[in-house]
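The values are calculated or read from the model by the stated rules, or taken from the named source; none is laboratory data. Nothing here was measured: the structure is a model prediction, and the numbers come from that model. Positions of Cβ are generated from backbone atoms using ideal geometry, with glycine treated the same way; all protein chains shown enter the neighbour counts.
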Amino acid sequence: MIPVSLRWVGDVAGHLELIDQTLLPAELSWLPCRDVPTVVEAIKSLRVRGAPAIGIAGAYGMALAAGEAIRGRMAAGHARAHVLARAEELATARPTAVNLRWAVERCVGMIDRLPSDADAAALATALLAEADAIHDEDRRLCEAIGLHGAAVLPEGGVLTHCNTGALATGGAGTALAAITTAWDSGRRFEVFADETRPLFQGARLTAWELVQRGIPVTVLCDSAAAHLLKTGRVAACIVGADRITANGDTANKIGTYGLAILAEAHGVPFFVAAPSSTFDLSLDTGAEIPIEERAAAEVLRPLGTAAAPDNAKAFNPAFDVTPARLISGIITEHGVISPVTREQIHLVLRARSLGNSP
Ligand code: MRU
């Protein structure tokens, strides 16, 4: 069974519900979000996380902003100004994954197309429809990425990093969908998941998803990856992405860059899987990607337990950037970009501008 990470409950006056991922795997609990501050807090604290999923949460957050305007009985102009102010709060909740701003801006574009005297109810109806559309599209994109990804995965073990499955998206996932699609087609191979320090998305979330689906998974400490690759048990690495620049440089969960270097050193192909909404062609190279720095406590007190003296300092970047030259292929909903060059990126993503989406 594919878990659902977030859902809208009710009609236009309804609310967003999301799985509180900070509680997994111990507890499967749904968090109701009835206003924008609750959504912003959920994104910042990683109750909802993963680039596509925070984009979808941001889009539903826009519908909630219009709901706030209805409840506050705001006049049309005031309602529009309120929703646009909320857009900025949502878009800036986390800085690295471009999908968040992309989805919120898509909703702002929808508002721009409405008549200037559209009232709060009209805004809410249009914004919920747009959020639903973004959610539905993501489901289809995940399916296509899963199929393209399964086709490029060679026979043999697969190593993944962080969580890129249903919890991280509106559908079956990106990199993890490639793995589960291959498995569901009858192929059998070992699946390895890096635990993904400091917040253990690999151990807590990827392993949970795979166990839910009955797919055997082996979790390893991030620092065991070099040794595992040396044993020859891994035929390919596959990871997700939070932002991919025009030259193919890819920001993803901290540790991805190190894994890509290890894969190259051991002659193992290294794939990235991401929808076209994760590309930010306005940035030339990965050096321009903003890297989120998170609280020291995540490193010093993993899972709430002291692992270092309280007065130690911590270095806690949430993401790193893998240079394009280390990536064997980027799997998108339109197909696989390989080799990863500016030209190939344009060629494959051109399908997007031609409206050739799955
Ligand atoms: O900090 P997180 O857990 O939101 O980081 C998530 C990742 O880095 C994922 O690999 C990425 O968002 C791709 S999700 C399909």
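Numbers for the structure displayed
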{"item": "Some residue of segment 114-137 being part of a helix (DSSP H, G or I), farther than 21 Å from residue 65 by Cα and within 16 Å of the ligand (Cβ to nearest atom)", "result": "yes"}
{"item": "Number of the condition not met by residue 212 [criteria: (1) under 23 Å from residue 135 (Cα atoms); (2) surrounded by 20 or more Cβ atoms within 10 Å (Cβ to Cβ)]", "result": "(2)"}
{"item": "Subset tally (residues that are surrounded by 14 or more Cβ atoms within 10 Å (Cβ to Cβ) and either under 19 Å from the mean Cα position of the chain (by Cα) or over 20 Å from residue 51 (Cβ atoms) (or both)) for segment 284-296", "result": "6"}
{"item": "Long-range neighbours under 6 Å by Cβ, at least six apart or interchain, first residue closer than 24 Å to residue 198 by Cβ and of a type outside the set (Asp, Glu) within segment 246-275, second away from the ligand (no atom under 12 Å from the Cβ) and in a loop (DSSP other than H, G, I, E, B)", "result": "251/289; 270/327; 270/328; 272/327"}
{"item": "Any hit, segment 153-171, residues being outside any loop (DSSP other than H, G, I, E, B), in contact (Cβ under 8 Å) with a residue 40 or more places away in the chain, more than 19 Å from residue 250 (Cβ to Cβ) and over 13 Å from the mean Cα position of the chain (by Cα)", "result": "yes"}
{"item": "Options 34, 49: the member that is charged (D, E, K, R), modelled with pLDDT of 95 or more and under 15 Å from the mean Cα position of the chain (by Cα)", "result": "49"}
{"item": "Qualifying residue in segment 98-111 (condition: touching a helix residue (DSSP H, G or I) at 6+ places or on another chain (Cβ under 9 Å), within 16 Å of the ligand (Cβ to nearest atom) and more than 27 Å from residue 285 (Cα to Cα))", "result": "no"}
{"item": "Selection count, segment 8-19, where residues are surrounded by fewer than 16 Cβ atoms within 10 Å (Cβ to Cβ) and farther than 13 Å from residue 34 by Cβ", "result": "1"}
